[in-house]
Every structure is written in C-alpha cells, then in structure tokens.
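What follows is one structure encoded as structure tokens, with my remarks underneath.
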Amino acid sequence: MKGALTPEQAAELIPDGASLMIGGFMAVGTPERMIDALVARGARGLTVIANDTATPGKGIGKLISAGAVARVIASHIGLNPETQGKMISGEIDCELVPQGTLVERIRAGGMGLGGVLTPAGLATEVEDGKQVVEVEGNRFLLETPLKADFALIGAWQADYVGNLSYLLTAQNFNPVMALAGRTVIAEPESIVPVGVIPPDSVKTPGVLVDHLLVHAG
C-alpha cells in the first residue's frame, strides 16, 4: 500500500515550524485523526493555511487550543473565539484572505502559476503593499501563490495506490490543496482495492499522494 502511516507516524514526520494546508470547511472534510496526533505530539510553531479554524475542540480548533499554531492564513475565524483572542493578544499572526482569493492562490501554487489577478480588496487596506496590475482598463491586485510543506487531506475513500474520492461538501478545499503541498498525507475513511473507486470519482490521483493514514495495527 502506498506510503502507509499511522497518525502517530505522520505526526512525527511533520516538524515544528512546518507550514500545513489542512482541508475542510468548518471541519467538514478535515483530517481529524491527523490533527489529534499533532496535538498529542505537542507540535508547535505551525503555519496553518485553511478556509477557517473551525470551532474550539473541533478540527483545526484543536490545534489552536493546544497552542500548536503560530500563524494562520484563512478566509475567516469568526466561529472560533480562541483564534480571535490569540490574534488580538499577538499569540497568533493571522492573515485573512477573501475565500475566492484564498482558493485561487492555492490553485496557483499547485499549478505553478505566478499569481492571481483579482479585484477583491481594491481600495481597502488589503491593497497595501501589493502590486496593482491594469488589464483592459481595469485594475486588479496581484495575489501571490500559496504552497505548503505538507497538505493534510481528508478523503472519503482511497485505493491502494492513493487515488482519492470525496463525499459531498468534503470536496471543498481538499482537492486543490493536494496540488499545493510538497508532501501530501491523506486520511481516508476507508481504503479499498484498486478499481473499486470509479475513474470518474477520482478527484485526486494517486500520483499526488505521498502517504495514506491507516489505523494502528
């Protein structure tokens, strides 16, 4: 089986200070066992790139509560008062990015593009320090690509060579993050023989996946 790891082994693979893309939308599609293992290891100084930080005690919120995160790049933190408090106190550096811009910056990182042109944020403090590009008389901000040391992916099914399928809204950020992580660790709900996942249902091909999480034993 492709790169099989227990959550504990995967957590040991991720050093303190690493940058992580973590899939999920309010913890739907988030790799919970992977997060639990990072908390148990006592990870510190992580940069987390994600849509949000979920809520206390759930998904990425567990990393926030555990003091594992030094920086967050996300579209919102409104449902996690712990993230808000740590941002205000200076314990966490927080970069808020419009959701569409965030996912396109991740896609640009995964596709090897030089950036994304977007009107979102023009004439606001978001524009400060950023390059403005004019195209056909219209002004756009140049937003730079996002990559990460690791992409932690929550999937519905994986097969033995790492092809992944997702269920319903868990497709959110996971497939695009699988393109932009230098090392991709997928946490499937089940692992099935090759051929069980219909080709049209493969949203992340196994060539992108380095490791699959398995249960201990």
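Structure data summary
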quantity	calculated
First in segment 190-215 and acidic (D, E) and at pLDDT below 95, second anywhere and buried (at least 19 other Cβ atoms within 10 Å of the Cβ) and assigned to a loop (DSSP other than H, G, I, E, B), Cβ under 6 Å, 6 or more apart	none
Within segment 111-153, strands (runs of 3 or more DSSP E) holding 1 or more residues that are touching a residue at least 24 places away in the same chain (Cβ under 8 Å)	116-118, 138-143
Among residues of segment 184-202, those that are under 30 Å from T101 (Cα atoms) and in contact with a strand residue (DSSP E or B) (Cβ under 7 Å, 6 or more places away or on another chain), counted	8
Within segment 100-118, considering residues that are under 17 Å from the mean Cα position of the chain (by Cα), buried (at least 16 other Cβ atoms within 10 Å of the Cβ) and not β-branched (V, I, T), the one farthest from E134 (Cα to Cα)	G110
V194, sole failed condition from (1) part of a loop (DSSP other than H, G, I, E, B); (2) closer than 18 Å to A27 by Cβ	(2)
Meets criteria (touching a residue at least 60 places away in the same chain (Cβ under 8 Å), over 21 Å from G90 (Cβ atoms) and of a type outside the set (S, T, N, Q)) for I73	no
Residue list for segment 11-31, filter: over 22 Å from P56 (Cα atoms) and of a type in the set (D, E)	E12
Scope segment 119-145; condition within 21 Å of the chain's Cα centre (by Cα) and either at pLDDT below 95 or among the acidic types (D, E) (or both); matching residues	E143
Residue within segment 204-216 that is within 17 Å of the chain's Cα centre (by Cα) and of a type in the set (G, A, S) present	no
Selected residue (criterion: farthest from the chain's Cα centre (by Cα)) from residues of segment 166-191 that are of a type outside the set (V, I, T) and part of a strand (DSSP E or B)	S190
Any chance G181 is crowded, with 17+ Cβ neighbours inside 10 Å, touching a strand residue (DSSP E or B) at 6+ places or on another chain (Cβ under 9 Å) and on the phi > 0 side of the Ramachandran plot	no
Scan of segment 156-169 for residues that are over 16 Å from P199 (Cβ atoms) and in contact with a strand residue (DSSP E or B) (Cβ under 6 Å, 6 or more places away or on another chain), ordered by number	L167, T169
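The values are calculated or read from the model by the stated rules, or taken from the named source; none is laboratory data. None of these values were measured; they are calculated from a predicted model. As a convention, Cβ positions derive from the backbone with ideal geometry for all residues, glycine included, and neighbour counts pool all protein chains shown.
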